[in-house]
Amino acid sequence: MARTDHRNPNVAGLRPRSRLVHGGVRRSSFDETCEALYQTSGFVYGSAEEAESAFVNDGSRHVYSRFRNPTTAMFEDRLCEYEGAAWAYATTSGMAAVHGALWSNLRTGDRIVAPRSLFISCYWVIKELSARFGVEAVFVDGTDLSQWEEALAKPTKVVFLETPSNPGLEVVDLRAVSALAHKAGAKVVVDNAFATPVLQRPFEMGADVVIYSATKHIDGQGRCLGGIILTSDKQYGSDVIHPYLRHTGPTISPFNAWLLLKGLETLELRVSAQSAAALTVAEFLEGHAKVERVLYPGLASHPQHDLCRSQMTGGGTMLSIFLKGGKEEAFRALNDLRMVMISNNLGDSKSLITHPDTTTHSKLTVEEKAAANIRPNLLRLSVGLEDAQDIVEDLDRALASL
Ligand SMILES: *Cc1c(COP(=O)(O)O)cnc(C)c1O
């Protein structure tokens with residue numbers, strides 16, 4: 001019987017969490033324990049013939065880090081395996097992933113459909129670039145299936161959605177919208193940043209492409225920007241997405257890919273703990289005398305709680321808190337916090353809170369804010385890895401001063 005080479009464990013039989021630790025490894029001839037950081041832009045060849053053949057047999061070996069890099073490939077392969085995707089490309093930021101996933105496919109005269117409740121830059125990349133390049137962009141209420149049905153009655157190239165959305169926490173029915181989109185001929189692109197690959201598996205519900213801001217939970221420790229595009233269709237990845245990316249160059253740096261690769265090892269543990277703490281915090285805030293309303297997918301009071309339960313295995317790490325009052329109360333609460341930090345980032349091991357109306361979403365018009373439910377009394381909380389009781393006590397103290 002052949003002996004196992006312990007340097008190359010067979011990850012195929014392992015459970016998902018173990019694959020986040022061992023997946024995608026390309027061990028070098030030095031047999032290192034920790035994944036090697038190949039901080040290199042280029043690669044050398046033994047001869048002119050070898051260089052020639054590297055370019056003929058495209059992809060058979062590394063030629064330039066804009067196309068592929070061994071450290072970056074380990075990050076891509078590890079997440080691919082976990083997500084159940086067939087192809088991936090890591091990008092310099094989440095927005096580079098959104099841009100690449102959409103505009104590698106769109107051409108003048110095409111049509112894209114998306115919900116109104118989106119992260120501000122996702123909205124810009126659709127609305128502004130569609131106007132510039134002659135693409136018809138149709139925005140719907142993402143929670144209303146009849147609006148999706150009407151918008152997708154015409155042939156459409158791309159459907160883009162976030163679920164839950166940032167920061168409205170609106171939930172889109174992934175199975176129903178994917179079916180409608182496919183009938184209209186569209187590719188379904190899901191921004192899964194809020195749910196994370198731990199709590200929601202869009203490919204199993206019909207998505208064709210999944211993108212992440214890896215800056216958020218995948219790093220989850222505030223160290224670097226990053227993004228990734230994954231697809232279940234290998235051919236589509238290599239024929240449509242890859243040429244656009246390799247020629248336009250939104251490639252992640254090997255160092256950032258290495259940080260994200262290490263981030264994946266603890267992703268499931270972190271997100272599970274943060275999601276459990278978020279539920280504790282949401283339950284505490286619900287019915288609090290100074291709080292008008294808490295929106296959290298894991299609470300029965302979320303308007304789409306049943307849908308959340310049917311497509312997510314946890315409520316996530318993000319809460320929308322509508323205080324009684326307006327901007328003044330929101331600012332006073334922020335300024336009275338002692339541990340939870342004021343920051344517009346999210347998915348971090350540190351709990352972070354922001355006032356979207358005056359920060360992340362301040363550039364929206366009054367109508368756009370209304371459509372995305374961005375109000376002066378809204379705070380967006382990203383629950384971190386601290387003891388949930390410390391988060392509760394910090395919020396309680398800050399709210400008591402109102
Ligand atoms: C943060 C975020 C992005 C953008 O990611 P960056 O890494 O900041 O470029 C895209 N979509 C959602 C839902 C986000 O929260």
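Overview of results
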| read-out | value |
| --- | --- |
| Residue within region 45-58 that is without any contact (Cβ under 8 Å) to a residue 12 or more places away in the chain and within 24 Å of L230 (Cα to Cα) present | yes |
| Single residue of I391, I342 found to be buried (at least 16 other Cβ atoms within 10 Å of the Cβ) and not assigned by TED's automatic domain parsing to the domain that holds G168 | I391 |
| Top-ranked residue in region 13-33 [being in a loop (DSSP other than H, G, I, E, B) and in contact with a helix residue (DSSP H, G or I) (Cβ under 8 Å, 6 or more places away or on another chain); ranked as surrounded by the most Cβ atoms within 10 Å (Cβ to Cβ)] | G23 |
| Selection within region 102-113 - within 29 Å of E268 (Cα to Cα) and either in a strand (DSSP E or B) or open to solvent by 10 Å² or more (accessible area, probe 1.4 Å) (or both) | none |
| Pairs, first touching a residue at least 60 places away in the same chain (Cβ under 8 Å) in region 262-281, second in a helix (DSSP H, G or I) and of a type in the set (G, A, S), C-beta under 7 Å, six or more apart | A277/A388; T280/A388; V281/A388 |
| Filter pass, G220 being surrounded by fewer than 17 Cβ atoms within 10 Å (Cβ to Cβ) and farther than 20 Å from D306 by Cβ | no |
| Candidate set: region 260-290, residues that are modelled with pLDDT of 95 or more and assigned to a loop (DSSP other than H, G, I, E, B); chosen: the one least open to solvent (accessible area, probe 1.4 Å) | H288 |
| Pair list, Cβ under 6 Å, 6 or more apart: region 117-136 residue within 18 Å of T358 (Cα to Cα), other residue charged (D, E, K, R) | S117/E170; L118/E162 |
| Out of L307, L319, L337, sole residue that is closer than 20 Å to I374 by Cβ, outside the structural domain of F203 (by TED's automatic domain parsing), open to solvent by less than 50 Å² (accessible area, probe 1.4 Å) and not aromatic (F, W, Y) | L319 |
| Candidate set from region 83-101 (those that are outside any strand (DSSP E or B) and of a type in the set (S, T, Y)); member that is nearest to F67 (Cα to Cα) | T92 |
| Among the residues listed as L295, L259, L319, the single one being in contact with a His (Cβ under 8 Å, 6 or more places away or on another chain) and in contact (Cβ under 8 Å) with a residue 40 or more places away in the chain | L295 |
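One line per residue, one yes/no per condition, for (1) of a type in the set (A, V, I, L, M, F, W, C); (2) within 26 Å of the chain's Cα centre (by Cα):
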residue: L323; (1), (2): yes, no
residue: H361; (1), (2): no, yes
residue: L364; (1), (2): yes, yes
residue: D394; (1), (2): no, no
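Residues checked against (1) of a type in the set (A, V, I, L, M); (2) within 16 Å of the ligand (Cβ to nearest atom); (3) at pLDDT 95 or above:
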| site | (1), (2), (3) |
| --- | --- |
| M318 | yes, yes, yes |
| I321 | yes, no, yes |
| F331 | no, no, yes |
| R338 | no, no, yes |
| S362 | no, yes, no |
| G384 | no, yes, yes |
| I391 | yes, no, yes |
| R397 | no, no, yes |
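The values are calculated or read from the model by the stated rules, or taken from the named source; none is laboratory data. As the structure is a prediction and not an experimental result, all values here were calculated from the model. Ideal geometry is used to build each Cβ from the backbone, glycine not excepted, and the neighbour counts take in all protein chains shown. The protein model used for the area step is the full one, side chains on, heavy atoms only, and it has no ligands, DNA or RNA in it. Shrake-Rupley method; radii C 1.70, N 1.55, O 1.52, S 1.80 Å.
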